[in-house]
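Peer 1: Quick one: this structure, given as structure tokens, is what I'll be asking you about.
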Amino acid sequence: MAERLVCIVCPVGCDLELSVRSGEVLVEGNRCPKGFDYAAAEAIDPRRTLTTTLPVAGGSERLVPVRVDRVPRGRMLEAMGTLRRMSVAAPAPIGSRVGTIRIGDEELPVVTTAAVERAR
Ligand code: SF4
């Protein structure tokens, strides 16, 4: 059975039709090869960016926003369970790698998306 999705790689937003037959990924509606790659990744190993906040130790703010890229879509709850046990020591500039989470064989970096100063 075919699945319909919109390619999000560029602003054109092609309507894609994706199916897998005998292990082969078939994509229709893509105007360029990037659409095929996007749809194939969605079929085989869909990933999402997970955003949340973590508590800050000794900081001017109680929480700091963080992101984890390329989390397998089906393992978001597992990732959140690991993040729930983490905290960030202040100060931490924006873009700081404040830890990693293990999902299967992969170590995915946890990165701040805002700066947090030390408490005064
Ligand atoms: S298939 Fe190509 S042209 Fe269409 S939205 Fe995706 S990247 Fe853009």
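Peer 1: Among R31, R102, which is out of contact with any strand residue (DSSP E or B) (no Cβ under 6 Å at 6 or more places or on another chain) and assigned to a loop (DSSP other than H, G, I, E, B)? Break it down into steps so the answer makes sense when it comes.
Peer 2: Values: R102 fails: assigned to a loop (DSSP other than H, G, I, E, B).
From the options R31, R102, the qualifying one is R31.
Peer 1: Something else now. Looking at segment 41-54 only, could you name the residues that are surrounded by 13 or more Cβ atoms within 10 Å (Cβ to Cβ) and at pLDDT 95 or above?
Peer 2: Quick first cut of segment 41-54, residues surrounded by 13 or more Cβ atoms within 10 Å (Cβ to Cβ) only: 42-43, 47-48, 50, 52-54.
Residues satisfying the conditions are R47, R48, L50, T52, T53, L54.
Peer 1: Additional query: Being hydrophobic (A, V, I, L, M, F, W, C) and near the ligand (Cβ under 8 Å from one of its atoms) is the filter here, so list the residues in segment 34-52 that pass it.
Peer 2: Scanning segment 34-52 gives a single hit, F36.
Peer 1: Right, another one. Looking at R21, R31 in this structure, which one is over 27 Å from V110 (Cα atoms), more than 24 Å from the chain's Cα centre (by Cα), within 12 Å of the ligand (Cβ to nearest atom) and free of Cβ contacts under 8 Å to residues at least 24 places away in the same chain?
Peer 2: Details: R21 fails: within 12 Å of the ligand (Cβ to nearest atom).
After applying the criteria, what remains is R31.
Peer 1: Return the total of residues in segment 4-18 being free of Cβ contacts under 8 Å to residues at least 12 places away in the same chain and touching a strand residue (DSSP E or B) at 6+ places or on another chain (Cβ under 9 Å). Let's see the steps before the verdict.
Peer 2: Taking segment 4-18 first, the residues free of Cβ contacts under 8 Å to residues at least 12 places away in the same chain are 6, 11, 13.
Those still in the list that are touching a strand residue (DSSP E or B) at 6+ places or on another chain (Cβ under 9 Å) too: 6, 13.
Adding up the residues that qualify gives 2.
The values are calculated or read from the model by the stated rules, or taken from the named source; none is laboratory data. Keep in mind it's a predicted model, so treat the numbers as computed, not measured. Virtual Cβ from ideal backbone geometry, glycine too; neighbours counted across all protein chains shown.
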